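Engineer: Dropping a structure here in structure tokens format, bear with me for questions.
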Amino acid sequence: MLGKRGTAQAEAGQRNILRVLTGFMFIGGLILLTGMGVIYGFINKGDFYEKTILVNEIGLNIDLLQLFDDNAYFYYYTPDNYTVTVSLEKVTVSQQDRPEEYLFVRSNDLHLREGTFTDSSLVFAKQGSDILIGKAPLTFNRYARECQRKDPTPLTTLALADTEEHTTHNSTEQALVTEIIARMRSNNAQLYSATATQSTQPLLAIRATGTDNIVRAYIPANEHIADSKYLACELLNRVTAALQNESIAIEGAAIIPVNPAALEPHDMREVLTSNAVRVLIDVGTTTGVETTGARIAQALHEGVIRYGTQRVST
């Protein structure tokens with residue numbers, strides 16, 4: 001019995017020794033790896049860990065923004081003396097000649113703003129279909145929406161129409177619409193050279209109600225409703241941003257489908273009755289015809305180009 005007990009105690013003692021040795025080996029390994037990291041960081045002028053953390057955090061922030069369904073906006077503070085470069089699928093943080101990279105997968109439905117930044121305070125934002133990164137302050141358009149693109153019909157020409165003849169408005173509002181159309185045609189005469197005489201001609205009608213600061217886009221509920229909705233979405237995103245940049249308070253933005261068959265005679269929305277891609281945009285109440293008209297015209301033109309990317313010239 002004593003022999004067996006002694007053997008068991010010896011085995012237990014050996015196991016304890018093994019545990020202690022294993023613990024020392026683990027601790028020793030950690031010390032060794034930490035020492036190697038410190039040496040590597042010293043060789044890299046001490047910024048290796050900082051750059052690695054920085055590039056991974058910025059990359060993860062971009063990944064996070066792409067997951068949001070709604071708009072988002074937040075600040076990120078970076079250490080001084082670093083250069084941050086954001087390209088379509090990569091973030092690079094550099095200082096002197098040793099860059100660190102983070103690769104991410106970009107959603108095809110989103111547009112990422114590329115750029116190089118040296119500012120200590122960056123703003124990350126998701127506005128509709130755009131991922132924006134820039135130095136603070138960055139104008140945030142909370143009315144922007146994500147535009148779902150489903151291979152829209154190519155645009156070669158787009159007719160412009162003034163709907164004011166269907167309603168009675170003051171001369172300032174009429175002058176604003178006239179100014180917008182004239183400036184859009186000056187941006188690209190060929191693109192906007194068409195007239196709405198054909199029922200299949202894509203058309204953008206413009207109106208200023210003068211009753212509120214809600215930007216509305218009316219679209220026809222026909223077989224082209226998906227394309228009309230996509231165009232309306234791109235137009236709304238840019239018009240609401242342009243008006244807010246002019247310090248005009250926006251109260252809302254909406255895309256409103258319309259049943260053309262239910263319209264009364266002389267309704268301003270009768271331009272939507274044709275079976276084609278059509279949008280009637282009501283820019284609401286605005287001030288300063290010349291300045292605001294130029295801003296809205298440029299915003300609408302950018303929305304049209306966004307819809308017809310690589311299909312129409314700028």
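Engineer: Please determine, by comparing only the residues of the stretch 229-254 that are in contact (Cβ under 8 Å) with a residue 60 or more places away in the chain and outside any helix (DSSP H, G or I), which one is surrounded by the fewest Cβ atoms within 10 Å (Cβ to Cβ).
Structural biologist: Only one residue tops the list, namely 252.
Engineer: Shifting gears a bit: Please verify whether residue 123 is within 25 Å of residue 233 (Cα to Cα), surrounded by 12 or more Cβ atoms within 10 Å (Cβ to Cβ) and either out of contact with any Cys (no Cβ under 6 Å at 6 or more places or on another chain) or of a type outside the set (Val, Ile, Thr) (or both), treating the condition exactly as stated. Even if it seems obvious, please write down each step before you answer.
Structural biologist: Details: within 25 Å of residue 233 (Cα to Cα): yes; surrounded by 12 or more Cβ atoms within 10 Å (Cβ to Cβ): yes; either out of contact with any Cys (no Cβ under 6 Å at 6 or more places or on another chain) or of a type outside the set (Val, Ile, Thr) (or both): yes.
The answer is yes for residue 123.
Here's the yes/no breakdown for (1) touching a residue at least 60 places away in the same chain (Cβ under 8 Å); (2) among the acidic types (Asp, Glu); (3) within 30 Å of residue 145 (Cβ to Cβ):
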{"site": "53", "(1), (2), (3)": "no, no, no"}
{"site": "65", "(1), (2), (3)": "yes, no, yes"}
{"site": "75", "(1), (2), (3)": "yes, no, yes"}
{"site": "83", "(1), (2), (3)": "no, no, no"}
{"site": "91", "(1), (2), (3)": "no, no, yes"}
{"site": "94", "(1), (2), (3)": "no, no, no"}
{"site": "102", "(1), (2), (3)": "no, no, yes"}
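Engineer: For the stretch 59-76, state whether one or more residues are within 14 Å of the chain's Cα centre (by Cα), β-branched (Val, Ile, Thr) and surrounded by 17 or more Cβ atoms within 10 Å (Cβ to Cβ).
Structural biologist: The answer is yes; a qualifying residue exists.
Engineer: In this structure, does residue 94 turn out to be of a type in the set (Gly, Ala, Ser) and at pLDDT below 80?
Structural biologist: Answer is no for this residue.
Engineer: List the strands (runs of 3 or more DSSP E) that sit entirely inside the stretch 112-206 and contain at least 2 residues that are within 22 Å of residue 277 (Cβ to Cβ) and at pLDDT 85 or above. Talk me through it step by step, then tell me what you get.
Structural biologist: Values: elements: 115-117, 121-127, 130-135, 159-162.
Because the criterion is at least 2 residues that are within 22 Å of residue 277 (Cβ to Cβ) and at pLDDT 85 or above, the strands (runs of 3 or more DSSP E) in the stretch 112-206 that meet it are 159-162.
Engineer: If you don't mind, there's one more thing I want to ask. Restricting to the stretch 110-146, count the residues that are within 25 Å of residue 243 (Cβ to Cβ) and of a type in the set (Asp, Glu). Lay out the reasoning, then the answer.
Structural biologist: We begin by selecting, within the stretch 110-146, every residue within 25 Å of residue 243 (Cβ to Cβ); these are 110-113, 115, 123-146.
From what is left, the residues that are of a type in the set (Asp, Glu) are 130, 146.
Qualifying residue count for the region: 2.
Engineer: Taking only the stretch 256-268 into account, find how many residues are in contact with a strand residue (DSSP E or B) (Cβ under 9 Å, 6 or more places away or on another chain) and free of Cβ contacts under 8 Å to residues at least 60 places away in the same chain.
Structural biologist: Of the residues in the stretch 256-268, 5 are in contact with a strand residue (DSSP E or B) (Cβ under 9 Å, 6 or more places away or on another chain) and free of Cβ contacts under 8 Å to residues at least 60 places away in the same chain.
The values are calculated or read from the model by the stated rules, or taken from the named source; none is laboratory data. From a predicted model like this one, the values you see are computed outputs, not experimental measurements. Glycine also receives a Cβ, built like all others from the backbone with ideal geometry; neighbour counts cover every protein chain displayed.
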